[in-house]
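Undergrad: Structure incoming, see below.
What follows is calculated from the coordinates using simple rules that are stated; it is not laboratory data. Predicted, not measured: the structure shown is a model, and the values here were computed from it. A quick note on method: Cβ atoms are made from the backbone with ideal geometry, for glycine too, and the neighbour counts reach across all protein chains shown.
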Amino acid sequence: MSETIRAAVCRDFNAPLVIEAVTLADPGPGEVKVAVKACAICHSDIIYAEGGWGGTLPMVLGHEAAGVVEQVGPGVAGVEPGDHVVVTLIRSCGTCHYCSGGHQVLCEEVFPLDRQSPIAGAGGEALVHGLRTGAFAEKVVVEKSQVAVIPKEIAFDAASLLACGVITGFGAVTNTAQIHPGCHVAVIGCGGVGLNAVQGALASGAQTIIAIDLSNDKLAAAKRFGATHGINAGAPDHREQLMALTGGRGVDFVFVSVGVKPAIDSAAQYITKAGSIVIVGMPPSGVMGEYDPGTLAGWSQRIIGSKMGSAQVARDIPYLVTLYQEGRLKLDELVTGRFALDDINEAIASTKRGEALRNVIVFD
Ligand SMILES: [Zn+2]
Ligand SMILES: [Zn+2]
């Protein structure tokens with residue numbers, strides 16, 4: 001069985017998405033169908049749509065979503081129709097080598113949805129289930145591990161951000177780097193992910209949280225989210241400003257939230273001896289970073305990769321919801337613009353222009 005829904009389809013790289021009627025399969029064993037109420041636009045969607053990571057087309061993108069469970073397949077426990085959920089791209093079995101070690105984001109299991117996309121075009125051709133979610137659509141079918149139930153009183157647009165931008169930034173600080181109270185932190189890039197690294201640093205008791213960006217507007221936003229200082233990366237004395245704030249030594253951790261080479265290469269100059277660079281933002285394929293291995297070894301420094309904030313969906317989403325409800329995590333303030341599915345190309349263009357913290361596609 002399947003039903004017809006509307007979706008934004010990527011048919012050509014670097015071309016506008018096309019709103020089409022597509023068919024969505026019913027959920028199979030262990031799968032869940034969710035009526036999407038909100039789906040934020042993440043830079044990963046844009047990199048895919050531009051061909052930055054290759055891949056096969058046509059594809060339905062969108063992976064930062066929230067909605068209402070409509071149907072569950074056989075063998076699904078703990079989620080039922082009517083539940084409000086966050087929908088993530090993290091599909092995990094819970095028992096493989098990596099899941100057993102707490103690395104659900106690296107799960108190596110191959111699921112039925114990995115072999116067969118649940119979405120097809122009107123002519124019957126398979127459409128790639130982009131980022132394992134395909135949420136630029138009225139409904140999705142995902143594996144049960146990809147959803148986390150949330151309280152019904154939380155607005156869908158705010159909740160959708162938890163699926164990717166929030167866990168990626170916040171979790172990089174709290175899960176991947178596990179920073180210690182009193183440390184000095186810098187965050188390079190203050191968009192949707194970077195601001196959540198700032199929030200993670202605040203929640204972890206960092207002493208100094210230095211936001212670094214080329215936009216003074218983004219630096220002002222970072223201060224609203226908990227940054228203690230902002231430094232414009234374009235200032236000739238940007239490094240001296242940071243050193244002056246950290247006793248001349250540099251920060252213990254620098255989080256690089258944007259996947260662009262100048263930001264990645266700039267990180268090493270800011271860290272202290274025994275400090276760490278944490279790579280959070282995903283660059284397009286082929287981007288190479290440069291560092292000085294002699295300094296890295298001589299100063300006992302580390303470079304750490306952080307995928308999706310090393311998130312464990314079942315643990316982290318409820319935790320972040322609690323922080324939000326207690327007023328200790330900002331979500332509503334991250335939502336810059338709300339757009340209908342028909343206006344998705346405008347929402348993407350706005351995101352690419354750097355205007356938004358997060359633009360969200362909302363559904364009635
Ligand atoms: Zn994302
Ligand atoms: Zn696994």
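Undergrad: For the ranges 312-322, 49-59, 72-82, 125-135, what's the packing order if you count other beta-carbon atoms within 10 Å of each residue, average per peptide, and put the highest first?
TA: 125-135, 312-322, 49-59, 72-82
Undergrad: When 308, 1 are ordered from fewest to most other Cβ atoms inside 10 Å of their Cβ, what list results?
TA: Ranking 308, 1 by Cβ neighbours within 10 Å, fewest first, gives 1, 308.
Undergrad: Now, a different point. In Å, what Kirkwood hydrodynamic radius results for segment 168-307 from the alpha-carbon pair distances?
TA: 14.4 Å
Undergrad: Could you bin all the Cα-Cα distances of the chain into 10 Å bins starting at 0 and give me the percent of pairs in each, rounded to whole numbers?
TA: That works out to 6, 25, 34, 23, 10, 2, 0, in percent per bin.
Undergrad: Where does the chain land at 222 nm, in deg cm²/dmol rounded to the nearest 500, when only DSSP H runs of n ≥ 4 count, each adding -39500 (n - 2.57), divided by all residues?
TA: -6500 deg cm²/dmol
Undergrad: Kindly provide the pair-distance distribution of segment 36-110 built from C-alpha pairs, with 5 Å bins from 0 and whole-percent values in order of increasing distance.
TA: 3, 13, 15, 17, 21, 20, 9, 1
Undergrad: Using only the alpha carbons of segment 140-194, what is the convex hull's orientation-averaged projected area in square nanometres?
TA: 5.6 nm²
Undergrad: Can you give me the C-alpha center-to-center distance between segment 338-364 and segment 177-217, rounded to a whole angstrom?
TA: So the two Cα centres are separated by 25 Å.
Undergrad: Let me ask another. Taking other Cβ within 10 Å of each residue's Cβ, how do 143, 3 sort, fewest first?
TA: So the ranking, lowest neighbour count to highest, is 3, 143.
Undergrad: Run through the DSSP bridge list for the chain and note the antiparallel percent, rounded to the nearest 5.
TA: Within the chain, antiparallel bridges account for around 60 percent of the total.
Undergrad: Where the only charges are on Cβ atoms (+1 Lys, Arg; -1 Asp, Glu), what is the dipole of the chain about its Cα centre, to the nearest 20 debye?
TA: 860 debye
Undergrad: Report the residue, chosen from 280, 18, 69, that carries the largest GNM mean-square fluctuation when the chain is represented by alpha-carbon nodes joined by springs under 10 Å.
TA: Among 280, 18, 69, the largest GNM mean-square fluctuation belongs to 18.
Undergrad: In whole Å, how far is the Cα centre of segment 220-264 from that of segment 67-94?
TA: Using only Cα atoms to place each centre, the spacing works out to 39 Å.
Undergrad: Which order do 265, 83 fall in if you start with the one that has the fewest other Cβ atoms within 10 Å?
TA: Fewest to most other Cβ atoms nearby, the residues stand as 265, 83.
Undergrad: Take each of the peptides 33-40, 192-199, 227-234, 323-330, average the number of other beta-carbon atoms within 10 Å over its residues, and list them starting from the highest.
TA: The densest-packed peptide leads the list: 192-199, 33-40, 227-234, 323-330.
Undergrad: I would also like to ask the following. Starting from the Cα of residue 352, draw a straight line to each of the lysines and keep only those under 24 Å, dropping any in the same chain fewer than 8 residues away.
TA: Once the sequence-local lysines are set aside, what remains near residue 352 is 37, 218, 223, 261, 307, 330.
Undergrad: Would you tally the net charge around residue 97, using a Cβ to Cβ cut-off of less than 15 Å, leaving residue 97 out, and scoring K and R as +1, D and E as -1?
TA: -2
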